[in-house]
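Nothing in this text is a laboratory measurement; each read-out follows from the coordinates by a stated rule. It should be emphasised that the depicted structure is a prediction, and the values quoted were computed from it without experimental measurement. Positions of Cβ are backbone-derived with ideal geometry, glycine not excepted, and every protein chain shown enters the neighbour counts.
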Amino acid sequence: MPKVLNPNESYTFSRYFDLPYSPEDILADLGCTIERTDCDNLPYAQCDLDWLPELAETIRRRLKRVNTNTEQARREALIFPLIDRICDLLDYSINIEYTVNVSNWLKGSLDYYIFNPSPSNLLVIEAKQSDLTKGFTQLAVELIALDSWVESDIPILYGAVSTGEIWRFGLYDRAAHHVLEYLPLHRVPQDLEFVTRTIIGILQR
C-alpha cells in the first residue's frame with residue numbers, strides 16, 4: 001500500500017511541489033529511490049562557445065531591467081533564451097508545455113522537453129517560488145513519468161530544475177528506477193559556461 005499518495009486521488013506534476021512529504025516517501029510510492037551526491041560527474045562538452053560572452057551579457061542586462069518575480073518572467077527572460085540558443089546550435093527540437101499523461105499519479109505539462117532522434121533528451125523545469133528543493137521533487141516525478149512515456153533505449157534520463165539564476169541537475173536511471181540529485185548549485189551568469197557545456201554534453205552524449 002502507498003505510504004503518502006492516495007490511490008483514489010489524481011496528482012498532476014505541479015501538485016507534487018505542494019505535498020508536505022519527503023521526496024523519499026513520494027518516490028517510494030512511485031516505485032523509485034533517490035540519492036544525493038555532491039559530485040559533478042555530468043556530461044561536459046568541450047566545443048567552441050564563442051557566442052557565450054554575448055549571451056552572458058544579455059542575461060546580465062535582463063537581470064537589471066526585467067522584473068523576474070513571476071514564474072513566467074523567469075522562464076521567458078532567463079531559462080528559455082539559454083536553451084533556445086543551445087538547441088539552435090545543435091538543431092534540436094524544444095517542446096514547451098509538453099503534455100504527458102501516464103496515469104492518475106503521473107500527468108501534467110513539462111516546461112521544456114528537449115529531444116532529438118539520436119536519441120538524447122533533457123527535461124528542464126522552472127522551480128516554483130524559487131524553491132529548488134521542492135522543485136527537484138517535481139522534476140524527479142516528471143522524469144519517472146517520461147520513463148513510461150518515452151519509447152527508446154536511452155538508459156538515463158537527464159533533467160534540470162532552475163530559478164533562471166540558479167540551476168541544479170539530476171538524472172533517472174531507468175533500469176534501476178533510481179533518481180540521482182546533484183547537490184551543487186550553479187549560478188547564472190557566473191556559472192553560465194558550466195551550465196551550457198553540461199546541457200550540450202547531455203544532449204550530445
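Out of all the residues in segment 5-21, which are loosely packed, with under 13 Cβ neighbours inside 10 Å and farther than 17 Å from Ile125 by Cα?
Across segment 5-21, the qualifying residues are Asn6, Pro7, Asn8, Glu9, Ser10, Pro20.
So in segment 142-157, with the set limited to residues that are touching a Phe, Trp or Tyr at 6+ places or on another chain (Cβ under 8 Å) and not β-branched (Val, Ile, Thr), which one is surrounded by the most Cβ atoms within 10 Å (Cβ to Cβ)?
Glu142
Sort through Ala160, Ala127 and tell me the only one that's surrounded by 22 or more Cβ atoms within 10 Å (Cβ to Cβ), free of Cβ contacts under 8 Å to residues at least 60 places away in the same chain and within 15 Å of Leu42 (Cβ to Cβ).
Ala160
I'm trying to understand the selection: among the residues of segment 141-158, which are within 16 Å of the chain's Cα centre (by Cα) and not in a helix (DSSP H, G or I)?
Val150, Ile156, Leu157, Tyr158
Is it the case that segment 188-205 has a residue that's closer than 25 Å to Asp29 by Cα, surrounded by fewer than 22 Cβ atoms within 10 Å (Cβ to Cβ) and in contact with a Phe, Trp or Tyr (Cβ under 6 Å, 6 or more places away or on another chain)?
No, because not a single residue in segment 188-205 is closer than 25 Å to Asp29 by Cα, surrounded by fewer than 22 Cβ atoms within 10 Å (Cβ to Cβ) and in contact with a Phe, Trp or Tyr (Cβ under 6 Å, 6 or more places away or on another chain).
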